[in-house]
1. Is it true that some residue in the range 116-132 is touching a Lys or Arg at 6+ places or on another chain (Cβ under 7 Å) and surrounded by fewer than 18 Cβ atoms within 10 Å (Cβ to Cβ)?
2. Any idea which of (1) outside any strand (DSSP E or B); (2) surrounded by fewer than 24 Cβ atoms within 10 Å (Cβ to Cβ); (3) small (G, A, S) is the one S202 doesn't satisfy?
3. Quick one: would you say E353 is within 17 Å of E398 (Cα to Cα) and surrounded by 14 or more Cβ atoms within 10 Å (Cβ to Cβ)?
4. When you look at A437, is it under 23 Å from T516 (Cα atoms), touching a His at 6+ places or on another chain (Cβ under 8 Å) and open to solvent by less than 60 Å² (accessible area, probe 1.4 Å), yes or no?
5. Specify the residue that is surrounded by the fewest Cβ atoms within 10 Å (Cβ to Cβ); the eligible residues are those in the range 223-232 that are in contact with a helix residue (DSSP H, G or I) (Cβ under 8 Å, 6 or more places away or on another chain) and closer than 23 Å to G111 by Cα.
6. Among the numbered criteria (1) in a loop (DSSP other than H, G, I, E, B); (2) in contact with a helix residue (DSSP H, G or I) (Cβ under 7 Å, 6 or more places away or on another chain); (3) open to solvent by less than 60 Å² (accessible area, probe 1.4 Å); (4) within 19 Å of G111 (Cα to Cα), which single criterion is violated by P214?
7. Got a sec? Which of A208, A242, A220, A192 is modelled with pLDDT under 95 and open to solvent by less than 20 Å² (accessible area, probe 1.4 Å)?
8. Exactly one of (1) in contact with a Ser or Thr (Cβ under 9 Å, 6 or more places away or on another chain); (2) closer than 23 Å to K86 by Cβ is unmet by I129. Its number?
Amino acid sequence: MNLRNQWPVLPLAAGLASGLLTGCGSENGGSGADGSTVVIGMSDDVLATDPASGYDPGSWLLFNNVFQSLLSFPNGGTEPQPEAAKECAFSDTQTKVYKCTLRDGLKFSNGDSLTSKDVKFSFDRMLKINDDAGPAIMFPMLGSVATPDEKTVVFNLKVPDATFPSKLASGAGSIVDHEQYDEDGLRKDGEAVGSGPYKLDSFGKDDAVFSVNPNYKGTAEVQNSGITLEFFHGDQTKLKQAIVDKDIDIAYRGLRAGDIADIEKASGSAGTNIVEGTSAEVQHLVFNMDDPVAGKVGVRKAIAYLLDREALVDQVYEDTATPLYSIIPAGIAGHNTAFFDTYGARPSKAAAEAALRADGITEKVKLTLWSTPSRYGPATDDEFEAIAKQLNASGLFEATVKSVPYAQYEKDIEAGKYGVYVKGWVPDYPDADNFTAPFFGKGNVLGNNFTNTTITDTLIPGTAAESDRSATDADFGRLQDIVAKEIPVLPIWQAKQYAVVRDNVYGLEYCLDASTVFRFWEIKKG
């Protein structure tokens, strides 16, 4: 799995994987579209309009509104519910055969009927193309897709995976029209044909325009007549000014912590409001276990003892994030506080020095912290400078920071050039599995040469196969404790999620929950 662009969860209900999912909501969700067009600005770009390629928050925002998946996450919830499907369930006790029945009368925005053939085509195509920047990496367990009839889809899994319904409910489960997409290649024209609440009217460098899809049938009830999405290409200052000047109705993703604080202070007189939501976005320090410096456990422990998360979130992020003390964030079933329990919340020079001496290190540790300026948030470089100061203030480290553009950054990580570097994560689905398997499973995405056979051979496959997600807490706790002991990564913070809205705009509280689904259809202007 590629790490998704980070910017800015509750547990899955026990028994979800084996229980029958029954549909709810409107069968004609698009019928409520009588509001005004809403203009949303964000600093992210949409990197793809083809679901077989996009694996970034901007692209998934488009997918979640233009395409349907068989299942979706409801407002404020993390238990998938039927969307294009009328019902879905595992039909075996091993969570290896998953069957869905489609709703009646499904159509794409161009009028083509949506059948099981389109569902099979979408998954077969995604896996066949296997784009480096796409979500195919999420489905290594998918063996085949069968279509007994036009309304029935059967997924046959190679290994048990109780989280499969959540993966279907994500942007990776987007269904495309088999008549409109090439099975062998990505669509390059910037157009999209889906069956979601909206259709994409135009897509350009600086904006995307969406109108309500009259053919939509599902659970969404649309509260506006369309959305215009304006791209600010990482220019946070321009995004802030646009919402202050009322050129846009909503500023979403990419405002600096200071911008949010400034707007919040002036919100009453400026005609704007700050909407805060939950988030499971996380950021970690990553250690290359083969590096001659960071590969030493004494160095990693010393950094863990010296890191002052409270100071970072206060001084750099102005409390728009919270300290994170484990690899599974708060709000996700299975979360514990392994790093807090092992290394404490306050810096300890004595404990850090003892860890270095126990590893035979008596000199100052010369260390470079590698950052990239915007991919993991606009304050990442400032944050890393602050971490370097914390380390150096102890007298035990001589730390410096280097920041490189993201394209070069990824190449250097793959080449093993960095000892300590930053990675962020926005979850694909709200389950502890999504915060552990990608990082510590076989062929993990961190590129840091960490392997633990207890994790890869026992804990990850065991938790994946358990349909009662609450029964995985002990194993996920054990996994977190192992990571805290060996420190291949060091959790730093968990984000809060914000949007700035004009005071005549409503519904944002339904767009900023831990599912990370930004629901265009919930927004309305009064």
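1. Checked the range 116-132: no residue is touching a Lys or Arg at 6+ places or on another chain (Cβ under 7 Å) and surrounded by fewer than 18 Cβ atoms within 10 Å (Cβ to Cβ).
2. Status for S202: all satisfied but (1).
3. yes
4. Working: under 23 Å from T516 (Cα atoms): yes; touching a His at 6+ places or on another chain (Cβ under 8 Å): no; open to solvent by less than 60 Å² (accessible area, probe 1.4 Å): yes.
It is false that A437 is under 23 Å from T516 (Cα atoms), touching a His at 6+ places or on another chain (Cβ under 8 Å) and open to solvent by less than 60 Å² (accessible area, probe 1.4 Å).
5. Within the range 223-232, the match that is surrounded by the fewest Cβ atoms within 10 Å (Cβ to Cβ) is Q223.
6. So the condition that P214 fails would be (3).
7. Sole residue among the options that is modelled with pLDDT under 95 and open to solvent by less than 20 Å² (accessible area, probe 1.4 Å): A242.
8. The failed condition is (2).
The values are calculated or read from the model by the stated rules, or taken from the named source; none is laboratory data. Every value quoted in this text rests on a predicted model; they were computed, and no experiment measured them. Here Cβ is always computed from backbone atoms with ideal geometry, including for glycine, and neighbour counts include all displayed protein chains. These accessible areas exclude ligands, DNA and RNA; they are computed on the full protein's heavy atoms, side chains included. Shrake-Rupley method; radii C 1.70, N 1.55, O 1.52, S 1.80 Å.
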